[in-house]
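**Q** Next up is a structure, given as structure tokens.
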Amino acid sequence: MIQETIKNFMIQETINLEPVGNVNMAYNSQLYKVRCYSPLSIDGERPAILKPYSLVPFTEEHFPSKFMKGLGGIVQKEISSGDIDTHLGLGFLIISDGFLSIHLWGGEYPSILNTSLYSFTNLPTTEHDLKKEDIRTDGIACAYEGEIIGFESNKWLKFLRTSRSNEDKLKYLSLSERKNGVI
């Protein structure tokens with residue numbers, strides 16, 4: 001404890017903290033609810049299985065299950081159009097207030113997470129309701145979505161340390177080990 005206090009004091013003495021981390025005091029960090037749904041199977045030339053999550057403020061209702069199932073068709077059209085590369089074909093998506101982020105594992109290394117970000121004004125019913133965002137300027141996630149991404153990253157690392165059999169794939173996709181609750 002004393003060493004940690006000394007280390008923190010030394011950092012404070014050598015780094016100017018005044019110009020960073022100054023969050024507007026009007027920002028009200030609230031609790032969010034996370035719900036996961038049954039995996040969406042995307043068929044076609046580039047198949048994928050995505051675990052869908054919804055993230056809503058604690059006081060609001062989750063997206064309807066019927067809407068979440070229909071989201072698979074919208075994502076399939078984005079994949080079919082070539083806008084999204086399915087890489088290894090396993091991943092997850094997060095729909096939150098005005099955003100849909102689609103995360104697929106793979107690329108040069110299987111531990112790479114590839115993200116496509118879309119915004120919407122009204123709940124999307126077709127791919128035309130989505131606007132593709134540039135993650136270089138708009139970022140990929142808020143801190144609340146980061147909780148889900150961290151959870152999924154840990155699950156993926158566990159999967160990569162297996163023989164990656166069909167049973168291991170089912171365990172990765174398992175509903176019993178999905179993040180639910182309040183963050």
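None of the figures in this text is laboratory data; all of them are computed from the coordinates on show. Computed from a predicted model, the values in this text were never measured in an experiment. Cβ atoms come from the backbone with ideal geometry, glycine included; neighbour counts cover every protein chain shown.
**Q** Between SER81 and LEU157, what's the calculated FRET efficiency when r is the beta-carbon distance and R0 is 30 Å? Round to 0.05.
**A** The formula returns an efficiency of 0.45 here.
**Q** Over the chain, what portion of Cα pair distances is larger than 19 Å, expressed as a whole percent?
**A** Percentage above 19 Å: 63.
**Q** What spacing in nm lies between the two simple spin-label points modelled at HIS128 and ASP97, each 7 Å away from Cα in the Cβ direction?
**A** Output for this residue pair reads 2.9 nm.
**Q** Can you tell me how much longer the chain between ASN114 and LYS169 gets when fully stretched, taken as 0.36 nm per residue apart minus their C-alpha distance, in nm with one decimal?
**A** Values: separation 55, 0.36 × 55 = 19.80 nm, distance 1.86 nm.
Computed gain between ASN114 and LYS169 is 17.9 nm.
**Q** Starting from the Cα of LYS66, step 7 Å along the direction of its Cβ; do the same at ARG136; then give the gap between the two resulting points in nm.
**A** Here the answer is 4.2 nm between the modelled labels.
**Q** Here is a follow-up. Using only Cα atoms, find the angle between the long axis of helix 2-14 and the longest principal axis of the chain, and express it within 0 to 90 degrees, rounded to the nearest 10.
**A** So the helix axis and the longest Cα principal axis differ by about 90 degrees.
**Q** Using a cut-off of 26 Å between alpha-carbon atoms, which lysines can reach LYS131, once sequence neighbours fewer than 8 places away in the same chain are excluded?
**A** Counting by Cα, and skipping residues close in sequence, LYS131 has these lysines nearby: LYS33, LYS51, LYS66, LYS69, LYS77.
**Q** Could you check the spin-label model distance between ARG46 and ASN16? Points 7 Å from the Cα along Cα→Cβ, value in nm.
**A** Computed distance between label sites ARG46 and ASN16 equals 4.6 nm.
**Q** What FRET efficiency, computed as 1/(1 + (r/R0)^6) with R0 = 22 Å and r the Cβ-Cβ distance, is obtained for PHE58 and ASN24, rounded to the nearest 0.05?
**A** Numbers: r = 21 Å, r/R0 = 0.96.
Computed FRET efficiency for PHE58 and ASN24: 0.55.
**Q** If you don't mind, there's one more thing I want to ask. FRET efficiency for THR121 and ALA143, Cβ-Cβ distance as r, R0 = 25 Å, nearest 0.05? Before the final figure, lay out each step's value.
**A** Values: r = 23 Å, r/R0 = 0.93.
Approximately 0.60, to the nearest 0.05.
**Q** Compute the long axis of helix 65-80 from its Cα atoms, compare it with the longest principal axis of the Cα atoms of the chain, and write down the angle in degrees, 0 to 90, nearest 10.
**A** The answer is roughly 80 degrees.
**Q** Select from the stretch 11-90 those GluC sites (Glu not before Pro) which occupy a DSSP coil region and have at most 12 other Cβ atoms within 10 Å, ordered by residue number.
**A** Filter output for the stretch 11-90: GLU45, GLU60, GLU61.
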